[in-house]
Amino acid sequence: GAPRPRLTFLGTGYLGATYAICFAELGYEVIGFDVDEAKIAKLAGGEVPFHEPGLNELLRKNLASRRLRFSTSYEEVAEFGDVHFVCVGTPQRANGMGADLCYVEAAVSELAPHLTRKALIVGKSTVPVGTAEWVEELVEKHAPAGLGVEVAWAPEFLQEGFAVEDVLRPNRIVFGAKSEWATGMLYAAHDGIFDLAVTEDREVPVVVTDFATAELVKVAANAFLATKISFINAMAEVCEAAGADVTQLSRAIGYDPRIGNRFLQAGLGFGGGCLPKDIRAFQARAQELGAGEALRFLHEVDLINQRRRQRVVQLAAELLGRKQGPAGPDLSKARIAVLGATFKPNSDDIRDAPSLAVAGMLARAGADVHVYDPQGMENARRALSDLTYETSMDDAVRGADLVCVLTEWADFRNADPVALGEIVGARRVIDGRNCLDPALWTSAGWQYRGMGRPRVEA
Ligand code: UDX
């Protein structure tokens, strides 16, 4: 077929690095760009600066094949690429609501002047609806006149821990484009994905649409996922009041294919770099558009999610027999083991992690908190330095008056309650992710509390 376009990925954070590496693996010639020289040096040296299963191997393989390079030069990237993917961060603004687009603006307005031929600039970062039009204006302003540089949007849906698989084998692809040329380039830039699907006898559905819809797809999908999680956590609250078991309720409603059993796990709620920030930015943008009322429920979704964290502190006070003070319970002198600091297992990401937030709340209530996480220790220590960090589960748990399992790592799920029972100070456990078997733990002499489950005594 036609020669494949050369691709660049601007911003080698989680999203850009993963895409750059995976698209090299698909056979494209790729440059990953970042303004951060340390990050680029690491990647060029064959080391992924974050934890993502399978990615290091692919990085090394594709550096060796010379299909993949890294650069800090806009000039080099502009000279090289036919399609430039914008993968920079869109952090939450300091005021807590809207998304900050300064990195998108910098990437586009600094790349564009260096372009020397027609190229396609494709947005991938999660942005407020309307951003693609604004990027088009930026390109018009900063690209040399007469090249006909175009803009398109192609949102991504990758989940941390499954990022390689999600990029190589997406369950759908969305293109927002204005011209046939742009659509054609987008198809060419994703050919590798379609070819792989053909060899595996799969189909990848493609939705080709306008800018606004493509931008909205991403935030709508995340809003739906967040809502599903908060729905089941709201049911957990009702179960707690009624003495029912939300894990069984979830299983029972999940068998209805219209509902589905995925993302219906009650527990500590959602965290991470996407869902919490995206639902806030989505509300802020809808407000600006005069459609704020339509998303008012997302405020409730957020509140339900926050309440789950408070619930763990409340359960801790209950289990430890502590009184509620005016500023919450007093947990002073209680030694509490917190197992899990990342926002989910198989990740080292602690951004908006419910587990780490709860660890901080317990410490603020006076508890002596000892944290252990298989991958997140370094990041956690940087974010919350005044907790005690241990180097193993046993060290965290030793002598504890209470054990809180707050991220469902396999190590914790499979922990032996008999062995742990020997080294704790008292056998009390809060299962913040409903990932333990209450019968197993109670038969080993533990008082068990789950989220939205009936209390079980030893
Ligand atoms: C999410 C979306 O899934 C992904 O499509 C999007 O591109 C980025 O945001 P990610 O942030 O990697 O991905 O995490 P995800 O696996 O979705 O989990 C988000 C949070 O929800 C985690 O804190 C997890 O513990 C929690 N969660 C998930 C639940 O509490 N219950 C569930 O049933 C599922």
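The values are calculated or read from the model by the stated rules, or taken from the named source; none is laboratory data. Remember, it's a predicted structure, so these values are computed and weren't measured experimentally. Note that each Cβ is placed from the backbone with ideal geometry, even for glycine, and that neighbours are counted across all protein chains shown.
Suppose we keep only residues that are within 15 Å of Phe157 (Cα to Cα) and among the aliphatic types (A, V, I, L, M) within segment 198-216. Which one would you say is farthest from the ligand (Cβ to nearest atom)? Among them, the one singled out is Val206. Only one of the listed residues (Val429, Val456, Val405) is at pLDDT 95 or above and over 22 Å from the mean Cα position of the chain (by Cα). That residue is Val429. Beta carbons closer than 6 Å, at least 6 apart along the sequence or on distinct chains, pair a first residue in segment 109-126 that is within 25 Å of Val219 (Cα to Cα) and outside any strand (DSSP E or B) with a second that is within 16 Å of the ligand (Cβ to nearest atom) and of a type in the set (S, T, N, Q) for Ser125/Thr90; Thr126/Thr90.
Suppose the filter is in a helix (DSSP H, G or I), more than 30 Å from Asn379 (Cβ to Cβ) and within 15 Å of the ligand (Cβ to nearest atom); does Leu249 pass it? Spelling it out, Leu249 is indeed in a helix (DSSP H, G or I), more than 30 Å from Asn379 (Cβ to Cβ) and within 15 Å of the ligand (Cβ to nearest atom). Within segment 78-104, the set of residues being farther than 16 Å from Asp34 by Cβ and either outside any loop (DSSP other than H, G, I, E, B) or in contact with a Phe, Trp or Tyr (Cβ under 6 Å, 6 or more places away or on another chain) (or both) comprises Glu79, Val83, Gln92, Ala99.
Results for (1) away from the ligand (no atom under 16 Å from the Cβ); (2) in a helix (DSSP H, G or I); (3) surrounded by fewer than 15 Cβ atoms within 10 Å (Cβ to Cβ); (4) of a type outside the set (Phe, Trp, Tyr), shown as yes or no for each residue.
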site	(1), (2), (3), (4)
Glu156	no, no, no, yes
Leu196	yes, yes, no, yes
Lys218	no, yes, no, yes
Ala221	no, yes, no, yes
Phe224	no, yes, yes, no
Lys228	no, yes, no, yes
Glu237	no, yes, no, yes
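Each row is one residue, and each column tells you yes or no for (1) buried (at least 18 other Cβ atoms within 10 Å of the Cβ); (2) within 26 Å of the chain's Cα centre (by Cα).
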{"position": "Ala337", "(1), (2)": "yes, yes"}
{"position": "Asp348", "(1), (2)": "yes, yes"}
{"position": "Pro354", "(1), (2)": "yes, yes"}
{"position": "Arg364", "(1), (2)": "no, no"}
{"position": "His370", "(1), (2)": "yes, yes"}
{"position": "Gly376", "(1), (2)": "yes, yes"}
{"position": "Thr388", "(1), (2)": "no, yes"}
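The residue of segment 252-278 that is nearest to Arg433 (Cα to Cα), among those that are assigned to a loop (DSSP other than H, G, I, E, B) and more than 8 Å from the ligand (Cβ to nearest atom), is Asn261. Among residues of segment 343-370 that are outside the structural domain of Thr391 (by TED's automatic domain parsing), none has a beta-carbon under 8 Å from a residue that is at pLDDT 95 or above and not in a helix (DSSP H, G or I) at least six positions away or on a different chain. Filter segment 166-194 down to residues that are touching a residue at least 40 places away in the same chain (Cβ under 8 Å) and closer than 14 Å to Glu25 by Cβ and give me whichever is surrounded by the most Cβ atoms within 10 Å (Cβ to Cβ). Residue satisfying both the conditions and the ranking: Val167. Any residue at all in segment 158-169 that is touching a helix residue (DSSP H, G or I) at 6+ places or on another chain (Cβ under 6 Å), assigned to a strand (DSSP E or B) and within 16 Å of the ligand (Cβ to nearest atom)? Looking through segment 158-169, none of the residues is touching a helix residue (DSSP H, G or I) at 6+ places or on another chain (Cβ under 6 Å), assigned to a strand (DSSP E or B) and within 16 Å of the ligand (Cβ to nearest atom). For the subset of segment 198-216 comprising residues that are in a helix (DSSP H, G or I) and of a type in the set (Val, Ile, Thr), which member is nearest to the chain's Cα centre (by Cα)? Among those residues, the one meeting the criterion is Thr213.
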